[in-house]
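Shown next, in structure tokens, is the structure this report addresses.
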Amino acid sequence: MTENRAAAFHVGLSYVRPDPAGPWGTFLEQVERVTPHLGELADLAETLRRPKRILVVDVPIEMDDGSIGHFEGFRVQHNLSRGPGKGGVRFHPGVTLEEVMALAGWMTIKNAAVNLPFGGAKGGVRLDPKKLSKKEIERITRRYTSEIGPIIGPQQDIPAPDVNTDAQIMAWMMDTYAMNTGLASTGVVTGKPVNLGGSLGRAAATGRGVFVIGRDALRRLDMNLEGARIAIQGFGNVGACAAALFAEAGAKIVAVQDSRGAVANAAGLAVADLLDHLRGGAGVAGFPQAETIDRDAFWDVACDVLIPAALEGQLTAARAERITARLVLEGANGPTLPEADDILAGRGIIVVPDVICNAGGVTVSYFEWVQDFASYFWTEDEINDRLAEILRGALRHIWETAERRNVSLRTAAFIVACDRVLTAHKERGLYP
């Protein structure tokens, strides 16, 4: 097939209609922007625009009242050229196929950017956990695991926690897989309870990674960590852990936004007290040691560092014009839209992209996977030291690439990752 004839087949996918501002549209735009920098590998970039495998499943369960509920479930394997699929599972009412496709694509890039031996995958179930009982969530988890069972496994595709999923969800997934296969495969998921083969340090790994990357980025920009004003959007596991570590290092958390409200305190929030406030079931709004502000006003708070750690698509072009930070650390996946990237670059604001900034979670998941295979477990200090070593090395390589190519850190991260993915793809060849 000649190049021109092949080009005729490079048309959009028939089963999605990506919104340019949506997650899959954002991912496609990011691939488009990096393609001119890939040299001869650019001819293979089409493979990045096409997920390798998509499984859409019905998840029927018996509800607590005896009725039958049906939920949409997805597992997407974007690219497996460098190893088994790796990526989380989220439970959220906004889960869609296009979102999971994009998240799987970002996992491909993330694993390659950090040089982990994984491909990219992601999963999700469209549900609102606040409206379901614990037993209903367990039944959904087990049925979903059974439905995607044919394509997951310790050397096929390894799920992990994501939005609204945790170690307990992973324990149910591991147990269901074991019951269905008759194999005690602890490595089928990561982010499990430590008693079931989970790794020390995994729960805090993503937030710790944001801190490790942020600390190095501040140093490279000649900005002081001590006294740095930090605003955090999203205060779940990632945002809360990052906040605690930055505060412990002497930074000031001046604003926090969650799904229910926002608070600010120019003198710095007492993170431990805020976490105690949240344990009572409240949102950040109403925290007595801070001013409750409008959620939209969060984007105007004076700060040095902004950490978007919620969902994708939060940093829009309009918000990019408003923020005061000099440095953006992407704790969430895909929080910055491409137009916002351009505006931030024009304003001289440095963005450390998600594919390196929040890679702490998958890095320690890799450690957990290795430990499960070896049946030999490391101390938490060993894990944290190895995490910092890998992330700092990855950031150094990406930062140097950005300076050498005169591109943004995001483009540099995609250059590094796509080179690794497409080189592996080329070396493996096509079967048959």
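The values are calculated or read from the model by the stated rules, or taken from the named source; none is laboratory data. Note that the structure is predicted; figures quoted are calculated from it, not measured. Counting neighbours? That spans all protein chains shown, and the Cβs are built from the backbone with ideal geometry, glycine included. Side chains included, ligands, DNA and RNA excluded: accessible areas come from the protein's heavy atoms. Shrake-Rupley method; radii C 1.70, N 1.55, O 1.52, S 1.80 Å.
Within region 71-130, the set of residues being over 18 Å from Glu147 (Cα atoms), among the small types (Gly, Ala, Ser) and crowded, with 24+ Cβ neighbours inside 10 Å comprises Ala102, Ala104, Gly105, Ala112, Ala113, Gly119, Gly120. Pairing each residue of region 285-299 that is free of Cβ contacts under 8 Å to residues at least 12 places away in the same chain and over 20 Å from Arg319 (Cβ atoms) with any residue that is charged (D, E, K, R) and open to solvent by less than 90 Å² (accessible area, probe 1.4 Å), provided the two are 6+ apart or on different chains, yields C-beta distances under 9 Å for Pro288/Asp273. As a summary of the residue check, Ala231 satisfies the conditions (1) on the phi > 0 side of the Ramachandran plot; (2) not in a loop (DSSP other than H, G, I, E, B) except for the one numbered (1).
Summed over region 229-248, residues that are within 18 Å of Asp300 (Cβ to Cβ) and surrounded by fewer than 24 Cβ atoms within 10 Å (Cβ to Cβ) total 2. Just one of the numbered conditions (1) without any contact (Cβ under 8 Å) to a residue 12 or more places away in the chain; (2) not in a helix (DSSP H, G or I) is not true of Gln155: (1).
The residues on offer are Arg405, Arg410, Arg392, Arg396, and the sole one that is out of contact with any Phe, Trp or Tyr (no Cβ under 9 Å at 6 or more places or on another chain), among the basic types (Lys, Arg) and farther than 28 Å from Ala204 by Cβ is Arg405. Please find, among Phe298, Phe287, the residue that is open to solvent by less than 30 Å² (accessible area, probe 1.4 Å), in a helix (DSSP H, G or I) and out of contact with any Pro (no Cβ under 8 Å at 6 or more places or on another chain). Just a single option satisfies the conditions, and that option is Phe298. Scanning region 408-432 for residues that are open to solvent by 10 Å² or more (accessible area, probe 1.4 Å), closer than 15 Å to Leu48 by Cβ and of a type in the set (Gly, Ala, Ser) yields one hit, Ala424.
Return the only residue of Val11, Val56 being assigned to a strand (DSSP E or B) and surrounded by fewer than 17 Cβ atoms within 10 Å (Cβ to Cβ).
Details: Val11 fails: assigned to a strand (DSSP E or B).
None of the others qualify; the one that does is Val56.
For region 302-338, name all the residues that are among the polar types (S, T, N, Q) and open to solvent by less than 10 Å² (accessible area, probe 1.4 Å).
Start the filter on region 302-338 by keeping residues that are among the polar types (S, T, N, Q), which leaves 314, 316, 324, 333, 336.
Residue satisfying the conditions is Thr336 alone.
Does region 120-152 hold any residues that are among the aliphatic types (A, V, I, L, M) and not in a helix (DSSP H, G or I), and which are they? Let's see the steps before the verdict.
Initial filter on region 120-152 (among the aliphatic types (A, V, I, L, M)): 121, 125, 127, 132, 137, 140, 148, 151-152.
Ala121, Val125, Leu127, Leu132, Ile152 - these are the residues of region 120-152 that are among the aliphatic types (A, V, I, L, M) and not in a helix (DSSP H, G or I).
The condition (being under 24 Å from Arg208 (Cβ atoms) and not acidic (Asp, Glu)) is satisfied by just one residue among Ala255, Ala297: Ala255.
Hey, any hits in region 174-183 for a residue that's free of Cβ contacts under 8 Å to residues at least 12 places away in the same chain, over 24 Å from Arg53 (Cα atoms), in a loop (DSSP other than H, G, I, E, B) and out of contact with any Phe, Trp or Tyr (no Cβ under 7 Å at 6 or more places or on another chain)? Taking every residue of region 174-183 in turn, at least one turns out to be free of Cβ contacts under 8 Å to residues at least 12 places away in the same chain, over 24 Å from Arg53 (Cα atoms), in a loop (DSSP other than H, G, I, E, B) and out of contact with any Phe, Trp or Tyr (no Cβ under 7 Å at 6 or more places or on another chain).
Would you confirm whether any residue within region 204-216 is part of a helix (DSSP H, G or I), out of contact with any helix residue (DSSP H, G or I) (no Cβ under 6 Å at 6 or more places or on another chain) and either more than 30 Å from Ile398 (Cα to Cα) or of a type in the set (D, E, K, R) (or both)? Yes, the conditions are met somewhere in region 204-216.
Here is a yes/no grid of residues against (1) modelled with pLDDT under 95; (2) of a type in the set (Val, Ile, Thr); (3) over 29 Å from Leu315 (Cβ atoms):
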{"residue": "Ala21", "(1), (2), (3)": "yes, no, no"}
{"residue": "Val34", "(1), (2), (3)": "no, yes, no"}
{"residue": "Leu38", "(1), (2), (3)": "no, no, no"}
{"residue": "Leu44", "(1), (2), (3)": "no, no, yes"}
{"residue": "Arg49", "(1), (2), (3)": "no, no, no"}
{"residue": "His78", "(1), (2), (3)": "no, no, no"}
{"residue": "Gly87", "(1), (2), (3)": "no, no, no"}
{"residue": "Met107", "(1), (2), (3)": "no, no, no"}
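Among residues of region 82-102 that are over 23 Å from Ala424 (Cα atoms), those with a Cβ under 9 angstrom from a residue that is aromatic (Phe, Trp, Tyr) and not in a helix (DSSP H, G or I), sequence gap 6+ or separate chain, pair up as Val95/Phe74; Thr96/Phe74; Leu97/Tyr15; Leu97/Phe74; Glu99/Phe74; Val100/Phe74.
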